[in-house]
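The values are calculated or read from the model by the stated rules, or taken from the named source; none is laboratory data. Just so you know, these numbers come straight off a predicted model, no measurement behind them. Glycine also receives a Cβ, built like all others from the backbone with ideal geometry; neighbour counts cover every protein chain displayed. Heavy atoms of the whole protein, side chains included, go into the accessibility calculation; ligands, DNA and RNA do not. Shrake-Rupley method; radii C 1.70, N 1.55, O 1.52, S 1.80 Å.
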Amino acid sequence: MESLKSVTGVAVAMLRDNIDTDQIIPVPEMTRSTEETHERWGAGLFAYWRYIKDREPNPDFILNKEPWNRATILLGGANFGCGSSREPAPKALRGFGFRAIVAPSYSGIFFNNCFRNGIVPVELPMATVELIASQVEASGGAGLVTVDLEKQEVKAPGGEAFPFKTPPALRAMLLSGLDEIDQTLLRKAEITDFQSKDRSKRPWVYAPGLES
């Protein structure tokens, strides 16, 4: 998995509530290709809104306009990522270029999947998200936003800093770029030592010939 410590960039506001995973990446987009690339997933992001028909850009959709087509931070509404548990939703957001989402609340599964796909989902009150969005829009996108996972802080274009919290285990995973399996393997020596000692104390637990 990818690591992320901090991201500074253009933030795009999509403040509607209940943006679900089928809107983030429709089912037809998940079956278009078997390629596991950022380009493949990113092309399907918000396909119902982003295209008029097959891959013809909708000129009215915000992600088809400058500078929002270069956004790396998404400002969303409540219950972002609700609906099905499909992991291609954060894959599509990451494929487009997003590294952070700032919204009042998320679907639990989507929230967890973001960390595993190189995106930090930040929870801030709606009034704070709207304040950041108003500053970004007033600047025409020139006012950049910073999401710092190390400091657990969002910095608005106006200079205000807003603290946030993330689950410690998921934060550690994203900072290090190591998933649960990778983190477990870092402690392989400890695990092996425990198994060796435990085998001598409780040999009946271990099947004959079982490797420690």
Residue satisfying all of: in the range 3-21; open to solvent by 40 Å² or more (accessible area, probe 1.4 Å) and either closer than 20 Å to ARG116 by Cβ or in contact with a Pro (Cβ under 9 Å, 6 or more places away or on another chain) (or both); modelled with the lowest pLDDT among these: SER3
Counting only helices (runs of 4 or more DSSP H) entirely within the range 103-179, those with at least 3 residues that are in contact (Cβ under 8 Å) with a residue 12 or more places away in the chain and within 16 Å of the chain's Cα centre (by Cα) are 108-116, 168-176
The range 44-81 - residue that is among the aromatic types (Phe, Trp, Tyr) and farther than 25 Å from ILE132 by Cα and, of those, surrounded by the fewest Cβ atoms within 10 Å (Cβ to Cβ): TYR48
Within the range 1-56, residues being free of Cβ contacts under 8 Å to residues at least 12 places away in the same chain and under 30 Å from LEU178 (Cβ atoms) number 4
In the range 155-171, residues that are surrounded by 14 or more Cβ atoms within 10 Å (Cβ to Cβ) and not β-branched (Val, Ile, Thr) total 7
Looking only at the range 87-102, filter to residues that are in a helix (DSSP H, G or I) and open to solvent by less than 10 Å² (accessible area, probe 1.4 Å); which one of those is nearest to ARG32 (Cα to Cα)? ALA92
Those residues that are surrounded by fewer than 19 Cβ atoms within 10 Å (Cβ to Cβ) and either touching a Ser or Thr at 6+ places or on another chain (Cβ under 9 Å) or modelled with pLDDT of 95 or more (or both), I need them from the range 28-41; list them, please. ARG40
Determine whether SER84 is open to solvent by 30 Å² or more (accessible area, probe 1.4 Å) and closer than 21 Å to LYS151 by Cα. no
Of the residues in the range 180-190, those that are over 31 Å from the mean Cα position of the chain (by Cα) and surrounded by 12 or more Cβ atoms within 10 Å (Cβ to Cβ) come to none
I'd like to know if the range 193-206 contains one or more residues that are outside any loop (DSSP other than H, G, I, E, B), farther than 30 Å from THR21 by Cβ and among the acidic types (Asp, Glu). yes
Go through the residues of the range 105-125 one by one and say whether even a single one is in contact with an Asp or Glu (Cβ under 8 Å, 6 or more places away or on another chain), open to solvent by less than 10 Å² (accessible area, probe 1.4 Å) and on the phi < 0 side of the Ramachandran plot. no
Quick one: is GLN152 of a type outside the set (D, E, K, R), surrounded by fewer than 18 Cβ atoms within 10 Å (Cβ to Cβ), within 26 Å of PRO67 (Cβ to Cβ) and out of contact with any Cys (no Cβ under 7 Å at 6 or more places or on another chain)? no
